[in-house]
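Report on the structure given below.
The values are calculated or read from the model by the stated rules, or taken from the named source; none is laboratory data. As the structure is a computational prediction, the values presented were derived from the model and not from experiment. Cβ placement follows ideal geometry from the backbone for every residue including glycine, while neighbour counts extend to all protein chains displayed.
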Amino acid sequence: MDQNFKFTTLEYRRPDFEKIAATAEKAAETVKCASSYEEVKAAMKQMEELSSEYMTDSTIASIRHTLDTTDAFYEKEDEYINDTIPTIMPKILAFDAALMESSFRSEIEKEYGKQYFVQMELNQKTFCEENIPLMQQEAKLTNEYQKIMATAEIPFDGKTLNLYGVQKYFEHEDREMRRAAVRAYSDFYHQHEKRLEEIWQELITIRNKMGKNLGYDNFIPVGYLQQGRTDYGMEEVESFRKQVQEVIVPLCEKLYEAQKKRLGVDELMVYDEKRVFSDGNAVPAGDDDFMVEQARKMYHDISPETGEFIDFMIEHELMDLKNKQGKASTGYMTFLPVYQAPFVFSCFNQTIFDMQVLSHELGHAFAGYMAMRNQPVISYYMSSTDIAEIHSMAMEQFAYPYAEQFFGEEAEKFRFAHLQEAITFVPFGVAVDEFQHICYVNPSLTPKERTLEWKKLEEKYMPWRKYDADDFFDRGGFWYHKLHIYLYPFYYINYTLTTMGAMEFKKKDLENHKATWEDYLKLCKCGGSMSYLETLRYANLSNPFEAGSVEKAVSVAREALLNSKYMEE
């Protein structure tokens, strides 16, 4: 491996899937016939190295496709990879099965822990050969959705903007400009409503068929298994949503009522929600490069580990953060196993969102960086998705003391607005989750009936939401913009569960920073080596499903927000 690599100049090689399948088949036979643990480990090492290579090459193609969705070469490569990976899964799962049935299983588990086999069992439960063509269709549909979003061209304010570009105007000082920006945003989805609804209907049908092929009534159990959920299920998630409705929704109503008074409006409309202060929200004190440089200084100050991490990210060009046409309308962290390197993707828009990227996505990346250096196998490099968002959201809180570096005199505004958004987001997050359950349980709902279900969920979880005669959003069209619904089924609840963990870290940090940071490092280093609830216990965090947990988790944020000087204006 070239220690001086730069992502921008990394060579892309199309993965040799035939070689991977043949090697997996041979390795499975080796495991079955092994007379010693050393033989089994040699086969495991061979598969680990091969997996590392093909995952790295596949990820390079995927990143470059999202960097420019109009690049025909990487679009075709990404499509080829998505089409081909399902076809080699039987060989890879057969190798896993050989390990699971090996007479040396106890030795493997002793060295790598029980979660090593738990993850294999999840993979076995979520795959069958009948689903290969369905997985290929699913990938094509999700790519189509992502391309529609990425190639958006919205004429506004004399410019042609993408989705991130127009959202900057949601904070504009002129209320009519904000209203027009939200209307332009809504119009984009309205113009694509027919195809977006068709894609969603096809995805529901395909995924439910996958679930039935695996022996379930619908896709929901498969979605939970794909998210790595082994120690909780739908009942626990439903109880959590109920706590949110009872505890957080009333708090949000108070926050938005105070915001309405600050802005001096008779009614708070959806186009007012992002304008937190009458004299303007906090804005970055410099350009994109300035923000990255401040992030470098911040991470060097937080800890030696984070300082080493940010230098690695910058030196190897592992961040692409600037907004441009054709770039996928999303943000993510992924990783390149061969290089033990995270990669962060986003689209800056010169709002407090940019600071969230530099703490949230880099929080993910830091966790990946630490896990890749502390865990022995690729399957442990990433934690389960419900843990992963704690890394990112907690890092957002750890960044609060450094707000002055990024926002100057407006730092306190940033802290208030960011904390308010962390809380007011949660009801929306649980609504997205409940909406998905409704759609998969009721696949015969018509498009109008589905949007009506979303409207009902807004009334339940976001009773303050008013659209001011925007017919499309008002009748329930707001959900179309949430790409997780299309691309990552049942992922979104993770953001709300992990908000509780992040708020708990915030509370503990105020009490004992040293001990809290040590717990956070433990959380990052352990990667995916334990289940969700085991990881929470290991990092000294509470179970969010227990009665009263939501109330307890948000207590510090509630106090900070309700006692803020901004609530009195």
Which of the helices (runs of 4 or more DSSP H) contained wholly in region 315-428 include at least 1 residues that are under 26 Å from Y116 (Cβ atoms)?
352-372, 385-398
Does K76 qualify as being in a helix (DSSP H, G or I), under 27 Å from the mean Cα position of the chain (by Cα), among the basic types (K, R) and surrounded by fewer than 17 Cβ atoms within 10 Å (Cβ to Cβ)?
yes
Taking region 320-347 and the residues there that are crowded, with 19+ Cβ neighbours inside 10 Å and among the aromatic types (F, W, Y), the one that is nearest to K482 (Cα to Cα) would be F345
Pairs with Cβ under 8 Å, 6+ apart, first in region 267-294 and among the small types (G, A, S), second surrounded by fewer than 19 Cβ atoms within 10 Å (Cβ to Cβ) and assigned to a loop (DSSP other than H, G, I, E, B)
S278/G264; S278/E569; G280/E173
Counting only residues that are part of a helix (DSSP H, G or I) and among the polar types (S, T, N, Q), which one in region 99-135 is farthest from K32 (Cα to Cα)?
N131
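The rows are residues; the columns are (1) farther than 30 Å from K91 by Cβ; (2) of a type in the set (V, I, T); (3) under 21 Å from the mean Cα position of the chain (by Cα).
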| residue | (1), (2), (3) |
| --- | --- |
| G113 | no, no, no |
| T126 | no, yes, yes |
| E130 | no, no, no |
| Q137 | no, no, no |
| K140 | no, no, yes |
| E153 | yes, no, no |
| D157 | yes, no, no |
| D174 | yes, no, no |
| V182 | yes, yes, no |
State whether the residues of region 481-492 include one that is closer than 30 Å to Q137 by Cβ and among the basic types (K, R).
yes
Among the residues of region 463-507, what is the count of those that are free of Cβ contacts under 8 Å to residues at least 12 places away in the same chain and under 19 Å from F366 (Cβ atoms)?
0
Given the conditions (1) more than 19 Å from G228 (Cβ to Cβ); (2) at pLDDT below 95, report the number of the one that F343 does not fulfil.
(2)
Selected residue (criterion: surrounded by the most Cβ atoms within 10 Å (Cβ to Cβ)) from residues of region 181-212 that are among the polar types (S, T, N, Q) and over 19 Å from T142 (Cβ atoms)
S186
Which listed residue is more than 30 Å from E559 (Cα to Cα) and surrounded by fewer than 19 Cβ atoms within 10 Å (Cβ to Cβ), from E153, E238, E246, E173:
E153
Do we have any residue at all in region 534-543 that's under 19 Å from the mean Cα position of the chain (by Cα) and of a type outside the set (D, E)?
yes
Helices (runs of 4 or more DSSP H) contained in region 508-569 and holding at least 2 residues loosely packed, with under 13 Cβ neighbours inside 10 Å and either out of contact with any Lys or Arg (no Cβ under 6 Å at 6 or more places or on another chain) or of a type in the set (K, R) (or both):
513-525, 555-562
Does region 146-165 contain at least one residue that is modelled with pLDDT under 95, touching a strand residue (DSSP E or B) at 6+ places or on another chain (Cβ under 9 Å) and assigned to a helix (DSSP H, G or I)?
yes
Can you pull out every residue in region 468-490 that is surrounded by fewer than 20 Cβ atoms within 10 Å (Cβ to Cβ), of a type outside the set (D, E) and either more than 22 Å from the chain's Cα centre (by Cα) or outside any helix (DSSP H, G or I) (or both)?
A469, F472, R475, K482, Y488
For region 286-307, name all the residues that are surrounded by fewer than 19 Cβ atoms within 10 Å (Cβ to Cβ) and either within 21 Å of Q420 (Cβ to Cβ) or in contact with a Ser or Thr (Cβ under 9 Å, 6 or more places away or on another chain) (or both).
H300
Given the criterion in contact with a Leu (Cβ under 6 Å, 6 or more places away or on another chain) and among the hydrophobic types (A, V, I, L, M, F, W, C), identify the matching residue among A341, A328.
A341
Would you point out which residue out of E144, E111, E101, E107 is closer than 25 Å to K19 by Cα and surrounded by fewer than 19 Cβ atoms within 10 Å (Cβ to Cβ)?
E101
